[in-house]
Every structure is written in C-alpha cells, then in structure tokens.
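Chemist: Quick one: the structure is below, and I'll ask about it shortly.
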Amino acid sequence: MRDRQLARGVRRAREFEAFVAGAAGRLLHAATLLTAETPDANPRARRLLTLALAHTYARWDRLRGEDPYDCARQHLATRFARSTWHQYGAFGRARPDPRSPLAALTPQERLVLVLRLYEGVAEEQAAALLGLPPERVHTLCDRATATVLHPAGRSGPRPVGTRTAPS
C-alpha cells in the first residue's frame, strides 16, 4: 500500500513538473501583462504565478480530465481581479511600470484584454469568469484595444479638417 502511494506521489510530481515546464512561460507572460510590469523586473507577476501554480498543484488530483492550464489561468485571473479591484494586497497599491505597453489601462481593462486577446478566451467565458455581463466584457475589450492602439498624446495623423498652427 505504501509503495503504491509513493509511486502515485512520484507520478503526480512528474506530471506537474511537465505541466510547469510547458505552461509557466506563457502564464508568467500573462501575469506580467496583467501587472503591467516590465519582463525583466516583475516581482508581482512572479508572485501571482507562484500562487496560481500552487493552487493548481493543490487541485492536481481533483482535475480529472480538466485542463490544468485553464485552472491555473482562472486562478491567476481571479486572484489578480480580487486583489486589484478590492484593494486587497500589494497588487492594488502598486503602480504599473510606465514603460509597459498596457500601463495606460485600468486593471480591469488589462485583465479583459489579456484574457480575450492574449489568452484567446471567449467573451462568454471571460464574462462568466469575471462575473460581468458579456456586453461589459465586449465594451472593456474595445476600449482597451483602442487605448493601446491609439494612445493619447501620440503625434500621428490628424483628423480631416483640423488645422495646424502657422509656422
């Protein structure tokens, strides 16, 4: 009996290590985008990833056919949302790095944008995960995309009909 438990524990550890080797990079990048830190200095993103992986490992035996990546991503998103939106923990008090491409977005916009565009989560799934109506997720994604693509203060083409100051 003890040998069987030992073998099961070794198999579980091996499976989880293989999962982490394959998924940790992408999850860390998603966490870095969420926290709006730079890739070379991202302690909040690393902490968020560690918490998500610990949660996934704790549930590993109960996943039974579920995708462990979905479990880790869901915990990453809900942990970020809870800590940011409710000013719980260090995430809510930290300012995004101004060099981050997503620094101009609110935490909620960053979360929706990362889930929808980077992770490819369907609008309905993202809405269910975040407890928002699908229309709100759609609006947040559109607003965040427009903000990233057309940041304020960028010198670009002027709308038709605007005049420039005479030189």
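Chemist: Suppose the filter is open to solvent by less than 40 Å² (accessible area, probe 1.4 Å), farther than 18 Å from ALA23 by Cα and in a loop (DSSP other than H, G, I, E, B); does ALA103 pass it?
Modeler: Numbers: open to solvent by less than 40 Å² (accessible area, probe 1.4 Å): yes; farther than 18 Å from ALA23 by Cα: yes; in a loop (DSSP other than H, G, I, E, B): yes.
Yes, satisfied.
Chemist: Filter region 47-64 for residues that are among the hydrophobic types (A, V, I, L, M, F, W, C) and part of a helix (DSSP H, G or I); which is farthest from PHE19 (Cα to Cα)? Break it down into steps so the answer makes sense when it comes.
Modeler: Looking only at region 47-64, we keep the residues that are among the hydrophobic types (A, V, I, L, M, F, W, C), and these are 48-49, 51-54, 58, 60, 63.
If we keep only those that are part of a helix (DSSP H, G or I) as well, we get 48-49, 51-54, 58, 60.
Working: LEU48: 17, LEU49: 13, LEU51: 15, ALA52: 13, LEU53: 10, ALA54: 12, ALA58: 14, TRP60: 11 Å.
If we take residues in region 47-64 being among the hydrophobic types (A, V, I, L, M, F, W, C) and part of a helix (DSSP H, G or I), then LEU48 is farthest from PHE19 (Cα to Cα).
Chemist: Is at least one residue of region 5-21 surrounded by 16 or more Cβ atoms within 10 Å (Cβ to Cβ) and either among the hydrophobic types (A, V, I, L, M, F, W, C) or modelled with pLDDT under 90 (or both)?
Modeler: So far as region 5-21 goes, yes, one or more of its residues are surrounded by 16 or more Cβ atoms within 10 Å (Cβ to Cβ) and either among the hydrophobic types (A, V, I, L, M, F, W, C) or modelled with pLDDT under 90 (or both).
Chemist: Further question on the same structure: Inspect all residues belonging to region 33-46 and state whether any of them is open to solvent by 30 Å² or more (accessible area, probe 1.4 Å), part of a loop (DSSP other than H, G, I, E, B) and among the hydrophobic types (A, V, I, L, M, F, W, C).
Modeler: Step one: of region 33-46, the residues open to solvent by 30 Å² or more (accessible area, probe 1.4 Å) are 33, 39-41, 43-44, 46.
Add one more test, that the residue is part of a loop (DSSP other than H, G, I, E, B), and what stays is 39-40.
Subsequent filtering for residues that are among the hydrophobic types (A, V, I, L, M, F, W, C) retains none.
No, there is no match, as no residue in region 33-46 is open to solvent by 30 Å² or more (accessible area, probe 1.4 Å), part of a loop (DSSP other than H, G, I, E, B) and among the hydrophobic types (A, V, I, L, M, F, W, C).
Chemist: Between GLY65, GLY25, which is modelled with pLDDT of 90 or more and open to solvent by 30 Å² or more (accessible area, probe 1.4 Å)? Outline the logic, then answer.
Modeler: Details: GLY65 fails: modelled with pLDDT of 90 or more.
It is GLY25.
Chemist: Could you give me the residue pairs with C-beta distances under 7 Å whose first residue belongs to region 110-133 and is in a loop (DSSP other than H, G, I, E, B), whose second residue is surrounded by 15 or more Cβ atoms within 10 Å (Cβ to Cβ) wherever it lies, and which are 6+ apart or on separate chains?
Modeler: Taking only residues 6 or more apart or on different chains, the pairs are GLU119/ALA30; GLU119/ARG73; VAL121/LEU115; PRO133/ALA127.
Chemist: Could you tell me whether region 132-142 includes any residue that is within 15 Å of LEU76 (Cα to Cα), modelled with pLDDT of 90 or more, open to solvent by 40 Å² or more (accessible area, probe 1.4 Å) and not charged (D, E, K, R)?
Modeler: Looking for residues that are within 15 Å of LEU76 (Cα to Cα), modelled with pLDDT of 90 or more, open to solvent by 40 Å² or more (accessible area, probe 1.4 Å) and not charged (D, E, K, R), one finds none in region 132-142, hence no.
The values are calculated or read from the model by the stated rules, or taken from the named source; none is laboratory data. These numbers were taken from a predicted model, which means no experiment stands behind them. Using ideal geometry, Cβ is built from the backbone for each residue, glycine included, and neighbour counts are taken over all protein chains shown. Surface areas here come from the heavy atoms of the whole protein model, side chains and all, with no ligands, DNA or RNA. Shrake-Rupley method; radii C 1.70, N 1.55, O 1.52, S 1.80 Å.
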